[in-house]
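A.B. asks: Before anything else, here's the structure in question.
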Amino acid sequence: LEVPLSDRPDSGLKGRKNHLGWSDPELTLKALQQARISAVSLANNHALDCGREAMLETVKRLREAGIQTFGAGADATAAARPLVRRFRDGARERALVVFGAFERRERYQEAYRWYATPGMAGVNPLQPGHIGESIMRLRDVLPDPVFVAFPHWGNVYGQVSEAQRAGGASLIGAGADIVIGHGTHAGQAIEMVAGKPVLYGLGNFVWNTPGRYGKLGCPPYSLVCSLAFGPGPAGPDGAPGANVRLRVYPIVTDNMVTRLRGRPTSDSEFAEAAGLITAGLDRGLTRLHDRGLRHLEIPLPGL
């Protein structure tokens, strides 16, 4: 959720930080409820645009509405606490754990004091080592967990950066099963790192400003992801399919084309988007489906 539930930007940031975000708190919360959103990460570069107290009020409003928050909080401990969802996959009890974090940026550290500390509210800084320590602890107490790192990072409307690649490798090395990044406003590539998927950038979902895709020569696509649990289709040799699959749905999000209403891709758009995001991916790990919504499916054996 890349906007505070507050209608007044922080006066202390005016003239110091570009693109301050704000909203009508009641209408925004109503829209989230109507969309059946049940959890949001607040680890991003707009969470404190209306000030620290407004960020805490955003957490309070969301939780009172039954929407869980993660990635920001009243102190470093609260901000680092992941989203944990327990569920049943057939006869198996399982847990999904999602870590929200915002990459460290010097200006946000020094000028804006954006990141949570032991005595100050803020967002969770991206620290793969700390995430790895949490994974080690939670693996011992949660049933059959799947760990997802959900970092806000990268250059807006840009290609995957070396910093993203290094961060993705560090998160996988720390124990994450899947990395799903966001923050670039444009869909980015998927790569396999040590046999695990790293999706570097989801792009936009709902973003109420005219897109810069055409101006910057950026493909007008973003991505929606889901994790599917339960036995998948059998392989060509009759072996059981993977129990967990990552599904990736390309969507069109150039607001100059969609008039602020993102939509699924057409056949030709899907082919183009799929080619772009899987350019560095072993095609043997990817299956294309067309069952209502066009999407890519990546089996995750071992999960």
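A.B. asks: Using DSSP to call loops (not H, G, I, E or B), can you name the trypsin sites (Lys or Arg not before Pro) in the range 198-279 whose Cβ has at most 14 other Cβ atoms within 10 angstrom?
C.D. replies: Values: sites: ARG212, LYS215, ARG245, ARG247, ARG259, ARG261; in loops: ARG212, ARG259, ARG261.
Of the trypsin sites (Lys or Arg not before Pro), the ones in loops of the range 198-279 whose Cβ has at most 14 other Cβ atoms within 10 Å are ARG259, ARG261.
A.B. asks: Which lysines have a Cα lying under 19 Å from the Cα of LYS60, excluding residues fewer than 8 positions away in the same chain?
C.D. replies: In chain and number order, the partners are LYS30.
A.B. asks: Still on this structure: Computed over the Cα atoms, what is the radius of gyration of the range 132-250 divided by 2.2 N^0.38 Å, N being its residue count?
C.D. replies: Working: Rg = 16.3 Å, N = 119, 2.2 N^0.38 = 13.5 Å.
Expressed relative to 2.2 N^0.38 Å, the Cα Rg reads 1.20.
A.B. asks: Explain nothing, just the number: relative contact order of the chain, from Cα pairs under 8 Å at least 6 residues apart, as a whole percent.
C.D. replies: Values: 652 pairs, mean separation 32.8, N = 303.
Relative contact order for the chain comes out at 11 percent.
A.B. asks: P(r) for the range 165-220: what percent of alpha-carbon pairs falls in each 5 Å bin, starting at zero?
C.D. replies: Bin by bin from 0 Å, the calculated values are 5, 19, 25, 18, 12, 11, 8, 2.
A.B. asks: Between the helical axis of 52-64 and the dominant principal axis of the chain, each derived from Cα atoms, what acute angle in degrees is found, rounded to the nearest 10?
C.D. replies: Tilt of helix 52-64: around 50 degrees.
A.B. asks: While we're here: Beyond 25 Å, what share of the Cα-Cα pairs of the range 61-180 remains, rounded to the nearest whole percent?
C.D. replies: 28
A.B. asks: Same structure again: Enumerate the calculated ³J(HN,Hα) couplings along the range 82-91 in order (Karplus 6.51 cos²θ - 1.76 cosθ + 1.60, θ = phi - 60°), each rounded to whole Hz, writing x wherever the residue is Gly or Pro.
C.D. replies: x, 6, 10, 10, 9, 7, 10, 10, x, 8
A.B. asks: Quote the FRET efficiency, to the nearest 0.05, computed for HIS19 versus ALA91 with a Förster distance R0 of 41 Å and r equal to the Cβ-Cβ distance.
C.D. replies: Calculated value: 0.25.
A.B. asks: Please report the projected area of the range 1-118's Cα convex hull averaged over all directions, in nm².
C.D. replies: Mean projected area of the Cα convex hull: 8.2 nm².
A.B. asks: Given Cβ point charges of +1 (Lys, Arg) and -1 (Asp, Glu) and nothing else, what value in debye, to the nearest 20, does the dipole of the chain about its Cα centre take?
C.D. replies: Working: 35 positive and 29 negative charges, 77 e Å.
Here the size comes out at about 380 debye.
A.B. asks: Let me ask something additional. Over the alpha carbons of the range 1-55, what is the largest minus smallest coordinate on each principal axis, giving the biggest first in Å?
C.D. replies: Cα extents, longest axis first: 36, 20, 19 Å.
A.B. asks: Angle check, please: helix 162-173 long axis (alpha carbons) against the longest principal axis of the chain (alpha carbons), in degrees 0 to 90, nearest 10.
C.D. replies: 70
A.B. asks: Could you work out, for the range 140-179, what percent of all Cα-Cα pairs fall into each 10 Å distance bin, beginning at 0 Å and stopping at the bin that holds the largest distance?
C.D. replies: Spelled out per bin, shortest first, that is 28, 45, 20, 7.
A.B. asks: Tell me the net charge near GLY211. Cut-off is 14 Å between Cβ atoms, GLY211 excluded, with +1 for each Lys or Arg and -1 for each Asp or Glu.
C.D. replies: On the way: positive: ARG212, LYS215, ARG259, ARG261, ARG263; negative: ASP254.
Local charge sum for GLY211: +4.
A.B. asks: Give the calculated FRET efficiency between MET136 and ALA31 to the nearest 0.05, with a Förster radius of 41 Å applied to their Cβ-Cβ distance.
C.D. replies: Working: r = 38 Å, r/R0 = 0.93.
Given R0 = 41 Å and the Cβ-Cβ separation, E is 0.60.
A.B. asks: Additional query: Expressed as an acute angle from 0 to 90° and rounded to the nearest 10, what is the orientation of the C-alpha long axis of helix 267-277 relative to the principal long axis of the chain?
C.D. replies: 80
A.B. asks: Also, I was wondering about something else. Averaged per residue, what accessible surface does the range 36-151 expose to a 1.4 Å probe, in Å²? Present the calculation step by step, with values, prior to reporting the outcome.
C.D. replies: Working: 5400 Å² over 116 residues.
Value for the range 36-151: 47 Å² per residue.
A.B. asks: Follow-up question, since we're still on this one. Over the range 167-208, what is the relative contact order in whole percent, taking alpha-carbon pairs under 8 Å and six or more residues apart?
C.D. replies: On the way: 68 pairs, mean separation 16.5, N = 42.
This gives 39 percent for the range 167-208.
A.B. asks: Let me ask something else about it. If you roll a 1.4 Å probe over the chain with all protein chains in place, what percent of the accessible area is carbon or sulfur? Write out the running numbers ahead of the final one.
C.D. replies: Working: 7770 of 14910 Å².
C and S atoms contribute 52 percent here.
A.B. asks: Which peptide among 100-106, 222-228, 16-22 comes first, and what is the full order, when sorted by highest mean count of other Cβ atoms within 10 Å? All intermediate terms of the calculation are to be shown ahead of the outcome.
C.D. replies: Numbers: 100-106: 20.3, 222-228: 18.3, 16-22: 13.9.
Order by mean packing, descending: 100-106, 222-228, 16-22.
A.B. asks: If you average 1/r over all unlike Cα pairs in the chain and invert the result, what Kirkwood radius do you get in angstrom? Provide the component values of the computation, followed by the final result.
C.D. replies: Values: mean 1/r = 0.0499 Å⁻¹.
Value: 20.0 Å, from the Cα pair sum.
The values are calculated or read from the model by the stated rules, or taken from the named source; none is laboratory data. On a predicted model such as this, the values are computed, not experimentally measured, just so you know. Note that we place each Cβ from the backbone using ideal geometry, even for glycine, and neighbour counts take in every protein chain shown. The area values use the complete protein model at the heavy-atom level, side chains included, leaving out ligands, DNA and RNA. Shrake-Rupley method; radii C 1.70, N 1.55, O 1.52, S 1.80 Å.
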